[in-house]
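See below for the structure under consideration.
The values are calculated or read from the model by the stated rules, or taken from the named source; none is laboratory data. Given the structure is predicted, the values throughout are model-derived calculations rather than measurements. Note that each Cβ is placed from the backbone with ideal geometry, even for glycine, and that neighbours are counted across all protein chains shown. Calculation scope for accessible area: heavy atoms of the full protein, side chains included, ligands and nucleic acids excluded. Shrake-Rupley method; radii C 1.70, N 1.55, O 1.52, S 1.80 Å.
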Amino acid sequence: MEEATVAVDVGTTKVCTLVAEPSQESDLRIVGIGVSASQGLRKGVVLDVDLATEAIADSVRKAEQVSGYAIDSAYVGISGSHISGVNSRGIAAISRGERMIVQDDINRAMEAATAIAIPPNREPLHAIPRGYLVDDQDGVRNPLGLRGFRLEVEAHIITGASASIHNLAECVQNAGVRVQHLVVQPIASGEAVLTEAEKDLGVAVVDLGGGTTDMAVFIDGSVWHTVVLPVGGNHLTHDLAVGLRTPFTVAETLKLRYGHALAGEVDPEEVLDSTSFGDNPQRPVSRVRVAEIIQARMEEILELILREIKRSGYDGLLPAGVVLCGGTAELTGIKQLASDALGLPVRVGIPRGLEGLVDAVSDPAHACGVGLLLWALRYGPDVSRNGPGGGRGPLGRFKRFLNALAPG
């Protein structure tokens, strides 16, 4: 990070562009932010290229005005229910006389791990090593320099639908910004809100966005499972709009101002002032009724999360529990509701270790954007984190596709 680094978080409800400079006192100094209402996306997937491009360009323009930097490239978050992960193994023989493992051996093992059958309509996004085995010794974090006859890697391969990936990349490129890397959003969010101790112990990060709920399970310091569920905060707003027979914009206001995840903690006598709902006053609304609708939908979402944790097979390996982030994680009472529903310790994650425009990003909603910057700081120059061999194999081909779309 010799220069400013840029992250573009393209979500269903908002597009957020962050600009950061390197800092000696902290991980990052946030010097620019631009937020625009998202358009042309549904559940994290681009449906209208022109509208999505306009929203991204507007967000980038605002960040340029605040930071004073001209933005020409960025790390971009990607989500959508088309994202999926699978675990794979790769083996490389150490054939040299001294039997010392070098970087090329690690690259060959990772390339073998990514040589899995991927349907032609899908693209690999990440190849993340979970751990290594040198001969019969497991639990190796970094095999470089060790001696042995055989190196085996356990890797987590994350793929997505080619059309959805290319559409998002094209929107960013059309906005005049070159995509440096596409990073799956729960991976990025984990960089911002998880501690190294939590990753080692076993933890799940759950990013509750507007259109999707993104989840990644970290064990022994690495990602073991990822999934994106097609539900999010917009479903709460939709339920309020239907249940209270009110416009979507009014329902969103009710959720943000008066929403509560636990109806039992709301004063049953409290009636919301209809004059605060905008230009078209509505009939009086009981706050308990608002909370009941929100709680019912949140319980359904949490049930889906619990089901996915159990499906992964790692439900007994999460002593650090669950860390919630994303805009919906700001809902009052959600920590207690989630803890009760999941049967695990729960906390709400907020990006830490920052300076500069800290107040603008110190909330769960900006976990992904800040995480993209931290991911760039930690892994950006390391191409082996995304494609073994620095450009060989399917990940290397996808990287060349992004470069081909670069503006100018």
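Starting from the Cα-Cα distance between Ala296 and Glu25, subtract it from 0.36 nm times their residue separation and give me the gain in nm to one decimal.
Extending this stretch completely gives an extra 93.1 nm.
Compute the FRET efficiency between Thr249 and Asp220 as 1/(1 + (r/R0)^6), taking r as their Cβ-Cβ distance and R0 = 45 Å, and round to the nearest 0.05.
0.50
When ligands, DNA and RNA are left out and all protein chains stay put, how many square angstrom of accessible area per residue does the range 26-135 have with a 1.4 Å probe?
I get 44 Å² per residue for the range 26-135.
Once you've got the Cα coordinates, tell me which of Lys14/Lys335; Lys310/Lys335; Lys14/Lys310; Lys14/Lys255; Lys43/Lys199 are over 25 Å apart.
Distance filter (> 25 Å) returns Lys14/Lys310; Lys43/Lys199.
Report the equivalent ellipsoid semi-axes for the range 33-163 in whole Å, largest first, defined as the square roots of five times the eigenvalues of the gyration tensor built from alpha carbon atoms.
So the three semi-axes of the range 33-163 are 41, 19, 11 Å.
Measure off 7 Å from each Cα along the Cα-to-Cβ vector at Asn142 and Ser73, then give the distance between these two points in nanometres to one decimal.
2.5 nm
Let me cross-check Ser23: its accessible surface, 1.4 Å probe, with only protein heavy atoms counted, in Å² to the nearest 10?
Its accessible surface works out to 20 Å², give or take rounding.
If I stretch the segment between His238 and Glu265 completely, what's the gain in nm (0.36 nm per residue apart, minus their alpha carbon distance), one decimal?
This chain segment gains 7.5 nm when fully extended.
Quick check: the angle from helix 367-379's long axis to the longest principal axis of the chain, C-alpha only, nearest 10 degrees?
10 degrees
Taking a label point 7 Å from the Cα of Arg61 along the Cα→Cβ vector, which residues of the range 162-204 have an amide N closer than 15 Å to it?
Backbone N within reach: 174-177.
Taking Cα pairs under 8 Å and at least six residues apart, what relative contact order does the range 1-115 come out at, in percent?
Averaging sequence separation for qualifying contacts and normalising by length gives 23 percent for the range 1-115.
Determine the share of the chain's accessible area contributed by carbon and sulfur atoms, expressed in whole percent, with a 1.4 angstrom probe.
49 percent
Once you have the alpha carbon radius of gyration of the chain, what is it after dividing by 2.2 N^0.38 Å, with N set to its residue count?
1.02
By per-residue mean of other Cβ atoms within 10 Å, what is the highest-first order of 140-146, 129-135, 105-111?
Sorting 140-146, 129-135, 105-111 by mean packing, highest first, produces 105-111, 129-135, 140-146.
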